[in-house]
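Q: Here it is: the structure, laid out below.
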Amino acid sequence: MARPNPHHTLIPRIRSRRALIVAAVLVQVVVLALAWVVAFRHARGQITQAVQQYIVDENTEFAERLQDRLLAESGDPGEFESEGWENWQRVIEQAGADLPGGGFACLLDAEGNILCHPDIREEGGLRSVNLSGKIVEAVNDGGKTSRISEVAEGETYSGRVEFAADGTHYVATRQIEGTDYRLLVHQPEADLFGASSDITGTIVFSGVLAVTAVVVVGGLGLFFIVRSYDSTYAELNERLKSNLQIARQLQQATLPEALPSLHGFDLAAWNSPADETGGDTYDGVALLRATGALRGRFSMIPTGRDAEPDALLLTLADATGHGIGAALAANGFHTATRMAAAHADSLSGLAQSVNHQLHDDLPPGRFVTGWFGILETAEDGRAALTSYSAGQGPILLYRAADKKAHTLDTESWPLGIEPRLGDAEPARFALAPGDILLVTSDGLVEANNPKGQQFGPARLAKTLARVADQSANDILKSLRHELDRHTQAAPADDDRTAVVVKVVG
């Protein structure tokens, strides 16, 4: 019997194996590519829905807050360019700074014409724009629609609306209670969704190529997947960084470049968020002492008036958590304090007003610890501090006479938890040259070293007593140096803020 020809049997087997491998590769490529596409299409849909719902919720909350601000300004804007219109227009213009780029708020009259708009002073043609017939489609609500002019009083309707010129926009509309006017909050977000779609498409395409490479060349294919993912992730991360940077700039704009000066006092402040945005904030407002029947009270110095202040209102607040959510709460504290300072007749009244606003605005589980203080040189020439702490601490008062730092008590629980704070009155302290007030957020005392040990209030008080002979700014530098030495300059896991006040005579 003849011996079998090895080449005769081997070649067909190799060809069959190659065909099987090719078929298997093609099947795997197709199946994996389809699975990849389906998975990312689903993810894109989920992301888009989440972003849409977030925008709708933000528009709704913003419209309701803006209504309260407008009603607090005056009950009715009146005729075009009247004093009431000017007041409401100013609030509308200021509100634009709280919205992302391209967003705005405007006021419609009973016929749906634009009455107040951030650009109405420069673009008079906006007065002829009528929006009452536009139809708003709710998001994730079965296609429910409503005309802007048909939303009932006391309700806020939020969703997307089609404008022929610019495509899809997201709006919230609400009739202002007790008036014939309607508020419209508007954010054009088509670019955001388009970018999301583009990025997802890039990921899907890169994934298909990467899966093919994995099947064909194994480890080399995995390398391509990682590289493609890294590239796409970097692009998405850069976009997110850009948006967070805008949010950081908006928050930093609420912090004063420097605290107002007051004769007899040396002041310094420092803020360092743990993320791009943070939940800590501080502020300083120059005050004038009232006379006559209002003797003993203070009022804000009107914008544009150049006057030497008689006192300063200082604040420091720490919202729960950190990041964007905490930053929004901190900005709410800043805005509420500025608005309340314009009409509050006492420090406790100011705290009650801010608490009431935050209780209405903050979602459940969110609150803000806050400190309010008034520095003044009393009529007898002595420096004095009036202090009210709503859960904020630690607050240290260093007395030069005994060279010790004393911890001040809080007057109430944090802001935003209950509709009203307690009945405790602010504490008042006479100050002498060399006395130092230090107010910090808990990010300083709760900072851990590598062993898990906190910096602690005792170490803070000891450091303050050791550097009490320095200027306010140098005291802050020394505190920060001691904090870095304790933590070995590790990244902060919470926001850190401090205000230093030193009496210089």
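The values are calculated or read from the model by the stated rules, or taken from the named source; none is laboratory data. Predicted model, so just to flag it, every value in this text is computed and none were measured. We place every Cβ from the backbone using ideal geometry, glycine too, and count neighbours over all the protein chains shown. What goes into the accessible areas is simple: the full protein's heavy atoms, side chains included, and nothing from ligands, DNA or RNA. Shrake-Rupley method; radii C 1.70, N 1.55, O 1.52, S 1.80 Å.
Q: Give the calculated FRET efficiency between LYS477 and HIS406 to the nearest 0.05, with a Förster radius of 25 Å applied to their Cβ-Cβ distance. Provide the component values of the computation, followed by the final result.
A: Working: r = 23 Å, r/R0 = 0.92.
About 0.60, to the nearest 0.05.
Q: Name the residue farthest towards the positive end of the dipole of the stretch 352-505 from the options LEU362, ILE395, VAL467, assuming +1 on Cβ of Lys and Arg, -1 on Cβ of Asp and Glu, about the Cα centre.
A: The Cα lying farthest towards the positive end belongs to VAL467.
Q: Given a 1.4 angstrom probe, what's the average accessible area per residue across the stretch 350-456, in square angstrom?
A: Accessible surface, normalised per residue, equals 45 Å².
Q: If you take the C-alpha gyration tensor of the stretch 421-496, multiply each eigenvalue by 5 and take the square root, what semi-axes do you get, largest first, in whole Å?
A: Semi-axes, largest first: 25, 18, 10 Å.
Q: Taking the Cα centre of the stretch 415-505 as origin, work out the dipole magnitude from +1 charges on Lys and Arg Cβ and -1 charges on Asp and Glu Cβ, in debye rounded to 20.
A: Dipole size: approximately 380 debye.
Q: Using a Cα-Cα cut-off of under 18 Å, which lysines could be cross-linked to LYS404, ignoring same-chain neighbours fewer than 8 residues away?
A: List returned: LYS462, LYS502.
Q: Relative contact order for the stretch 295-436: what percent, with Cα pairs under 8 Å and sequence separation of 6 or more?
A: Once divided by the residue count of the stretch 295-436, the mean separation gives 24 percent.
Q: Between TYR54 and GLU162, what length comes free when the chain is fully extended (0.36 nm per residue of separation minus the Cα-Cα distance, one decimal in nm)?
A: Between TYR54 and GLU162, full extension yields 37.0 nm more.
Q: Next up: Restricted to Cα positions, what overall size does the stretch 371-465 have along the principal axes? Three whole-Å values, descending.
A: 51, 40, 15
Q: Add +1 for every Lys or Arg and -1 for every Asp or Glu among the other residues with Cβ under 12 Å from the Cβ of ARG174, and state the total.
A: Local net charge: -4.
Q: Roughly how many whole Å is it from the C-alpha centroid of the stretch 388-454 to that of the stretch 457-505?
A: 14
Q: Test of understanding: what is the full-extension gain from VAL129 to LYS144, defined as 0.36 nm times their sequence separation minus their Cα-Cα distance?
A: 2.9 nm
Q: While we're looking at this one, here's another question. Among 268-275, 127-134, how do they line up from the highest to the lowest mean number of other beta-carbon atoms within 10 Å?
A: 268-275, 127-134
Q: Counting Lys +1, Arg +1, Asp -1, Glu -1, what net charge surrounds SER387 among other residues with beta carbon under 14 Å of its beta carbon?
A: Net of charged neighbours comes to -4.
Q: Summing Lys, Arg as +1 and Asp, Glu as -1, what charge do residues with Cβ under 12 Å from the Cβ of GLU155 carry, GLU155 excluded?
A: -2
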